[in-house]
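S.K.: Here it is, the structure in full.
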Amino acid sequence: MTTDPYAWLDKSLTTIHRADWYRSVQTIQGLPGAIVRLEGQPVINFASNDYLGLAGDQRAIAAAVAAAKEFGTGSTGSRLLSGHRELHRQLEEAIASLKQTEDALVFSSGYLANLGAIASLVGKRDLILSDRYNHSSLKNGAILSGATVIEYAHCNVEDLEDLLHQHRQQYRRCLIITDSVFSMDGDLCPLPALLDLAEKFSSMVLVDEAHATGVLGANGAGCVEHFHCTGLPLIQIGTLSKALASLGGYVAGSSTLIDFLRNRAPSWIYTTGLTPADTAAALAAINIVKQEPQRRTQLWGNVNYLKHLFAEYLPHLKLLPSQSPIICFQVDNPQAALKIAYQLKASGIFVPAIRPPTVPTSRIRISVMAIHEPAHIDKLVQTLTEIV
Ligand SMILES: *Cc1c(COP(=O)(O)O)cnc(C)c1O
């Protein structure tokens with residue numbers, strides 16, 4: 001008797017449904033912004049990574065349109081073949097200048113930047129020490145590399161030091177990998193302590209600035225700048241798709257590192273170069289980040305305003321520690337998270353429920369933007385006081 005080799009798919013989906021882990025997409029209409037149309041209904045948007053409100057900025061849009069008109073819609077090949085344009089180089093120089101690094105390399109996404117960098121920096125004879133709460137792209141990059149991967153307790157420097165003592169000398173190279181802003185929690189990695197340990201144990205450090213670039217640091221360079229670690233030897237990863245309002249990723253660091261990656265990172269070598277439109281939009285966004293620090297001031301003002309209202313009106317919320325515009329509160333189970341998100345949506349507020357397996361415990365995750373008005377934040381807090 002033959003069985004349907006695809007029958008397990010249905011069973012697997014049923015299991016996902018039963019756990020209330022099932023996910024599906026929701027359609028947004030029109031331009032991104034503080035208010036968006038979600039399946040026809042205008043909602044205040046606390047679900048976006050567009051921290052500075054640049055994804056709908058007319059200057060970024062105009063740059064993308066102009067690049068598409070001048071250079072076409074596709075880059076037509078990998079960067080080492082026919083896919084390289086002057087625009088790519090300009091963007092890489094702008095990233096290196098923002099980060100104060102010798103050079104930078106643009107990938108087709110942040111996810112691919114992590115896969116390519118991690119898998120080419122370490123291999124079978126090497127060790128990766130990885131924060132337990134790291135983003136999926138760091139975790140999968142670690143697996144892809146073939147190195148021995150050991151997770152350390154979240155942001156726990158003592159645990160990391162113990163593991164380095166125990167394991168470091170059995171391996172050739174060692175790479176410590178961490179998010180800088182943890183994307184589903186909102187807290188920061190203890191970067192200075194990680195760099196100290198790395199020096200002591202002759203280890204490399206790779207830090208993923210996806211949610212920090214454009215947001216943290218006096219010039220918006222990220223967590224590295226925030227902690228005054230600019231110029232120290234480390235590998236910085238990031239994305240063009242969050243505060244930089246486009247699509248793509250990058251690695252920033254020494255010119256030797258970047259030269260090495262151009263020769264060895266498979267997810268850069270064997271994939272098509274970024275489109276002219278995406279490249280130009282990111283370049284325009286970086287220029288705005290540099291020229292308009294008031295956007296960051298506004299963003300942090302909004303973050304502090306929300307925290308202040310929470311402390312005043314919702315002191316019982318189980319807020320996770322946060323030093324970023326990502327503010328989460330824990331709820332008991334996935335059903336409760338879905339219910340709160342559903343009720344908020346019915347009141348015209350878009351806030352996602354984040355559930356396992358993305359995170360160990362269910363939570364409501366609020367992303368604050370520079371372009372939120374005080375009234376948007378008031379409405380969020382007022383509605384939450386009514387439903388939780
Ligand atoms: C979003 C994110 C990525 C992926 O970036 P993309 O450019 O969207 O692929 C990588 N790392 C972290 C920490 C992220 O939050």
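Yes or no, residue by residue, for (1) under 20 Å from SER24 (Cβ atoms); (2) modelled with pLDDT of 95 or more:
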site: ALA346; (1), (2): yes, yes
site: ILE349; (1), (2): yes, yes
site: THR358; (1), (2): yes, no
site: THR361; (1), (2): no, no
site: ARG365; (1), (2): yes, yes
site: HIS376; (1), (2): no, yes
site: VAL381; (1), (2): no, yes
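S.K.: Any residue in the stretch 107-115 that is farther than 14 Å from ARG168 by Cα, free of Cβ contacts under 8 Å to residues at least 24 places away in the same chain and either surrounded by 24 or more Cβ atoms within 10 Å (Cβ to Cβ) or in contact with a Ser or Thr (Cβ under 7 Å, 6 or more places away or on another chain) (or both)? Show your work before the answer.
M.R.: Taking the stretch 107-115 first, the residues farther than 14 Å from ARG168 by Cα are 107-115.
Then drop every residue that is not free of Cβ contacts under 8 Å to residues at least 24 places away in the same chain, which leaves none.
No, that holds for no residue.
S.K.: What do you reckon, is SER137 at pLDDT 95 or above, open to solvent by less than 20 Å² (accessible area, probe 1.4 Å) and part of a helix (DSSP H, G or I)?
M.R.: Values: at pLDDT 95 or above: yes; open to solvent by less than 20 Å² (accessible area, probe 1.4 Å): yes; part of a helix (DSSP H, G or I): yes.
When the stated conditions are applied, SER137 passes them.
S.K.: Can you confirm whether the stretch 141-149 contains a residue that is more than 16 Å from the ligand (Cβ to nearest atom), in the same structural domain as THR272 (by TED's automatic domain parsing) and part of a strand (DSSP E or B)?
M.R.: Looking for residues that are more than 16 Å from the ligand (Cβ to nearest atom), in the same structural domain as THR272 (by TED's automatic domain parsing) and part of a strand (DSSP E or B), one finds at least one in the stretch 141-149, hence yes.
For (1) under 23 Å from the mean Cα position of the chain (by Cα); (2) under 19 Å from ASN302 (Cα atoms); (3) not assigned by TED's automatic domain parsing to the domain that holds LEU274, each residue gets a yes or a no:
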{"residue": "PRO32", "(1), (2), (3)": "yes, yes, yes"}
{"residue": "ILE35", "(1), (2), (3)": "yes, yes, yes"}
{"residue": "VAL43", "(1), (2), (3)": "no, yes, yes"}
{"residue": "ALA68", "(1), (2), (3)": "no, no, no"}
{"residue": "PHE71", "(1), (2), (3)": "no, no, no"}
{"residue": "GLY74", "(1), (2), (3)": "no, no, no"}
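S.K.: Could you figure out which of (1) over 20 Å from the mean Cα position of the chain (by Cα); (2) of a type outside the set (Asp, Glu); (3) within 15 Å of the ligand (Cβ to nearest atom) isn't true of HIS211?
M.R.: (1)
S.K.: Considering every residue within the stretch 21-32, establish whether at least one is touching a Pro at 6+ places or on another chain (Cβ under 8 Å) and either at pLDDT 95 or above or small (Gly, Ala, Ser) (or both).
M.R.: First pass over the stretch 21-32, keeping only residues touching a Pro at 6+ places or on another chain (Cβ under 8 Å): 21.
Pick out the ones that are also either at pLDDT 95 or above or small (Gly, Ala, Ser) (or both) and you get none.
Taking every residue of the stretch 21-32 in turn, none turns out to be touching a Pro at 6+ places or on another chain (Cβ under 8 Å) and either at pLDDT 95 or above or small (Gly, Ala, Ser) (or both).
S.K.: If you check ILE16, ILE61, which single one turns out to be at pLDDT 95 or above and either open to solvent by less than 80 Å² (accessible area, probe 1.4 Å) or within 23 Å of the chain's Cα centre (by Cα) (or both)?
M.R.: Values: ILE16 fails: at pLDDT 95 or above.
Just a single option satisfies the conditions, and that option is ILE61.
S.K.: If I filter the stretch 122-132 for residues that are free of Cβ contacts under 8 Å to residues at least 60 places away in the same chain and under 13 Å from ASP208 (Cβ atoms), do I get at least one hit?
M.R.: yes
S.K.: For residues that are open to solvent by 10 Å² or more (accessible area, probe 1.4 Å) and in contact with a helix residue (DSSP H, G or I) (Cβ under 9 Å, 6 or more places away or on another chain), scanning just the stretch 182-196, find the one that is nearest to the ligand (Cβ to nearest atom).
M.R.: My answer is LEU188.
S.K.: Sticking with this structure for a sec: Consider the stretch 107-134. How many of its residues are touching a helix residue (DSSP H, G or I) at 6+ places or on another chain (Cβ under 6 Å), within 14 Å of the ligand (Cβ to nearest atom), more than 23 Å from PRO357 (Cβ to Cβ) and not in a strand (DSSP E or B)?
M.R.: 1
S.K.: So which residues in the stretch 337-346 are closer than 18 Å to PHE310 by Cβ and either free of Cβ contacts under 8 Å to residues at least 40 places away in the same chain or in contact with a Pro (Cβ under 6 Å, 6 or more places away or on another chain) (or both), if there are any at all?
M.R.: Within the stretch 337-346, the subset closer than 18 Å to PHE310 by Cβ is 337, 340-341, 343-344.
Scanning the stretch 337-346 gives ALA337, ALA341.
S.K.: Still on this structure, please answer the following. Could you please give the count of residues in the stretch 36-58 that are in contact (Cβ under 8 Å) with a residue 12 or more places away in the chain and open to solvent by 40 Å² or more (accessible area, probe 1.4 Å)?
M.R.: Kept after step one, since they are in contact (Cβ under 8 Å) with a residue 12 or more places away in the chain, are these residues of the stretch 36-58: 36, 38-39, 41-57.
Right, trim to open to solvent by 40 Å² or more (accessible area, probe 1.4 Å) and you get 39, 41-42, 49.
Qualifying residue count, the stretch 36-58: 4.
S.K.: Quick one: which of SER367, SER362 is small (Gly, Ala, Ser), over 27 Å from ASN219 (Cα atoms) and in contact (Cβ under 8 Å) with a residue 12 or more places away in the chain?
M.R.: Within the list SER367, SER362, the selection yields SER362.
S.K.: Would you mind stating whether SER109 is modelled with pLDDT of 95 or more and either under 20 Å from the mean Cα position of the chain (by Cα) or not assigned by TED's automatic domain parsing to the domain that holds ILE235 (or both)?
M.R.: Details: modelled with pLDDT of 95 or more: yes; either under 20 Å from the mean Cα position of the chain (by Cα) or not assigned by TED's automatic domain parsing to the domain that holds ILE235 (or both): yes.
For SER109, the condition - modelled with pLDDT of 95 or more and either under 20 Å from the mean Cα position of the chain (by Cα) or not assigned by TED's automatic domain parsing to the domain that holds ILE235 (or both) - is met.
S.K.: Only residues that are in a loop (DSSP other than H, G, I, E, B), away from the ligand (no atom under 16 Å from the Cβ) and open to solvent by less than 10 Å² (accessible area, probe 1.4 Å): list them for the stretch 222-279, please. Walk me through how you get there before you give the answer.
M.R.: First pass over the stretch 222-279, keeping only residues in a loop (DSSP other than H, G, I, E, B): 222, 227-234, 240-248, 254, 265, 270-271, 273-275.
Remaining after also requiring away from the ligand (no atom under 16 Å from the Cβ): 227-233, 254, 270.
The answer is CYS229, and nothing else.
The values are calculated or read from the model by the stated rules, or taken from the named source; none is laboratory data. Quantities reported herein were computed from a predicted structural model and do not represent experimental measurements. As a convention, Cβ positions derive from the backbone with ideal geometry for all residues, glycine included, and neighbour counts pool all protein chains shown. Each accessible area value is taken on the protein alone, full model and side chains, heavy atoms only, with ligands, DNA and RNA left out. Shrake-Rupley method; radii C 1.70, N 1.55, O 1.52, S 1.80 Å.
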